[in-house]
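Computed from the coordinates by the stated procedures, all read-outs in this text should not be read as laboratory data. Because the structure is predicted, anything quoted here is derived from the model rather than measured. Cβ: placed from backbone, ideal geometry, glycine included. Neighbour counts: every protein chain shown.
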């Protein structure tokens, strides 16, 4: 299973305890055991590091650890595709495009507008809770 986690899931998973933290840890474990492939694109990596630095003020050691984790994942290109005019947020276009271009089986986000779609061009869009429940079955 190929999985792309949205920025908000990563930030919550790195910066706090709770469901997203458990989801991120479990997804990384599945990736390391080659039971799933965790994807990250340039836009998501850039957003994660910016938010952790500017908004969360994560320590330099914490940033190094986050960067190390991200660099163990499969990097995929940001997407470049014809966006429908009714797409909820233009800022999400490269991320959804990356997931589609990389053949992701699952996109996980806390973004309510994206979750309202439930799927996009065959790509399932799930909440962290729904993803965690599904991944626990792997």
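In this label model, residue 116 and residue 134 are separated by 2.1 nm, measuring between points 7 Å along each Cα→Cβ vector. Every Cα-Cα pair of the stretch 19-74 was included, and the share exceeding 19 Å stands at 31 percent. Extension gain for residue 22 to residue 2 (0.36 nm times residue separation, less C-alpha to C-alpha distance): 5.4 nm. For the pair residue 63 and residue 83 in one chain, pulling the backbone fully straight at 0.36 nm per residue adds 3.9 nm over the alpha carbon distance. Contact order, relative form, for the chain: 31 percent (alpha carbon pairs under 8 Å, 6 or more residues apart, mean separation divided by residue count). For the stretch 75-138, pairs of C-alpha atoms spaced more than 14 angstrom apart make up 56 percent of the total. Mean projected area of the Cα convex hull of the stretch 2-136, taken over all directions, amounts to 7.6 nm².
For the listed peptides 57-70, 10-23, a ranking on the average number of other beta carbons within 10 Å per residue, highest first, reads 10-23, 57-70.
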